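Engineer: Please find one structure pasted underneath; my questions will follow.
Bear in mind these aren't lab numbers, they're just calculated from the coordinates by the rules spelled out. Here the structure is a predicted model, which is why all the values come from computation and not from measurement. Cβ placement follows ideal geometry from the backbone for every residue including glycine, while neighbour counts extend to all protein chains displayed.
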Amino acid sequence: MKLFHARDHQPHPADPEYFSGRASVARMDRLSDQPTVNMYRVAFQPSARTAWHAHSGLQLLLVIEGRCRVQQEGGPIQEVAVGGAIRIEPGERHWHGATPDAPMTHLAFNIDTATEWFAQVTDAQYAGHP
């Protein structure tokens, strides 16, 4: 058994190269080694979001506060309420973040994955306009 305490994994401001708006990230790396599982507790302020990105492996998001706004490239913007989960397949370009009117926090579980980052999500894309 191995314990991971939140106090040992303090949040830090999210990198503005990969996030728009105010967000913070607390990392818990190597929760598992086989497969490798890293967990990120990401707190987004209203309208904050990630840039477009894709993972080489599976990503699972668990919404623990607020509502998560998420979009797969080419698909509609969707929202998931607290307690809901999102499964993002390997190679799937997507973004996720808070709704315009409220903050949101999710736990992101990256399973055997590296992340490739792309362009920022524009305000028009965030609003649902191509």
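Engineer: Checking ASP123 against (1) closer than 21 Å to PRO16 by Cα; (2) surrounded by 15 or more Cβ atoms within 10 Å (Cβ to Cβ); (3) among the charged types (D, E, K, R), which single condition isn't satisfied?
Structural biologist: (2)
Engineer: Among ILE77, ILE88, ILE64, which is touching a His at 6+ places or on another chain (Cβ under 8 Å) and surrounded by fewer than 20 Cβ atoms within 10 Å (Cβ to Cβ)? Steps first, please.
Structural biologist: Values: ILE77 fails: touching a His at 6+ places or on another chain (Cβ under 8 Å); ILE88 fails: surrounded by fewer than 20 Cβ atoms within 10 Å (Cβ to Cβ).
Of the residues listed, the single one that is touching a His at 6+ places or on another chain (Cβ under 8 Å) and surrounded by fewer than 20 Cβ atoms within 10 Å (Cβ to Cβ) is ILE64.
Engineer: Just to be sure I understand, how many residues within segment 80-98 are over 13 Å from the mean Cα position of the chain (by Cα) and closer than 18 Å to ALA23 by Cβ?
Structural biologist: Counting residues in segment 80-98 that are over 13 Å from the mean Cα position of the chain (by Cα) and closer than 18 Å to ALA23 by Cβ gives 1.
Engineer: If you check THR50 against the conditions, is it buried (at least 18 other Cβ atoms within 10 Å of the Cβ), touching a residue at least 24 places away in the same chain (Cβ under 8 Å) and more than 13 Å from the chain's Cα centre (by Cα)? If you could, list the steps in order and put the result at the bottom.
Structural biologist: Details: buried (at least 18 other Cβ atoms within 10 Å of the Cβ): yes; touching a residue at least 24 places away in the same chain (Cβ under 8 Å): yes; more than 13 Å from the chain's Cα centre (by Cα): no.
No.
Engineer: Further question on the same structure: Take segment 93-130 and flag every residue that is in a strand (DSSP E or B), of a type outside the set (A, V, I, L, M) and over 14 Å from PRO46 (Cα atoms). Show your work before the answer.
Structural biologist: Within segment 93-130, the subset in a strand (DSSP E or B) is 94-98, 104-111, 115-117.
After this cut, where a residue has to be of a type outside the set (A, V, I, L, M) as well, the list is 94-97, 105-106, 109-110, 115-117.
Residues satisfying the conditions are HIS94, TRP95, PHE109, ASN110, THR115, GLU116, TRP117.
Engineer: Of the residues in segment 75-92, how many are outside any strand (DSSP E or B) and either among the hydroxyl-bearing types (Ser, Thr, Tyr) or under 23 Å from ASP112 (Cβ atoms) (or both)?
Structural biologist: Applying the first criterion (outside any strand (DSSP E or B)) to segment 75-92 yields 75-76, 82-84, 89-92.
Now restrict to residues that are either among the hydroxyl-bearing types (Ser, Thr, Tyr) or under 23 Å from ASP112 (Cβ atoms) (or both): 89-92.
So the answer is 4.
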